[in-house]
Amino acid sequence: MTRDRTTPWCASVTDEGISGYGEERTRNATEAAVLFYRDWLLGEDPTDVMRVWNKDPPHGQLQAVGQRVSAIEMALWDIAGKAAGAAGA
């Protein structure tokens with residue numbers, strides 16, 4: 001994976017101090033997507049990624065922003081791997 005200073009990243013931290021990171025490729029909307037979904041994600045179990053994504057999104061907007069939320073999802077999978085003690089997580 002090539003990283004440069006212009007690649008947007010999403011960083012998420014659980015209440016237990018586990019951090020997860022996700023990379024975004026669109027470069028223009030990661031912060032807006034994170035802020036939009038912030039309250040929707042707070043209080044959820046970050047290790048149950050599929051349940052989080054399968055619950056009703058705010059205003060039915062999850063697919064509308066598609067790739068923009070991929071960084072958030074990657075961060076959740078990173079947290080889930082770390083919580084499970086997965087190698088390389």
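The values are calculated or read from the model by the stated rules, or taken from the named source; none is laboratory data. If you're wondering where the values come from, they're calculated on a predicted model, not measured in any experiment. Neighbour counts are summed over all protein chains in view; Cβ atoms, including those assigned to glycine, are modelled from backbone coordinates with ideal geometry.
Miscellaneous remarks
- The requirement of being assigned to a helix (DSSP H, G or I), surrounded by 10 or more Cβ atoms within 10 Å (Cβ to Cβ) and at pLDDT below 85 is fulfilled nowhere in the range 9-25; no residue meets it.
- Within the range 26-54, being outside any helix (DSSP H, G or I) and at pLDDT 75 or above holds for LEU42, GLY43, GLU44, ASP45, PRO46, THR47, ASP48.
- Being at pLDDT 90 or above and surrounded by fewer than 13 Cβ atoms within 10 Å (Cβ to Cβ) is a property that ALA80 lacks.
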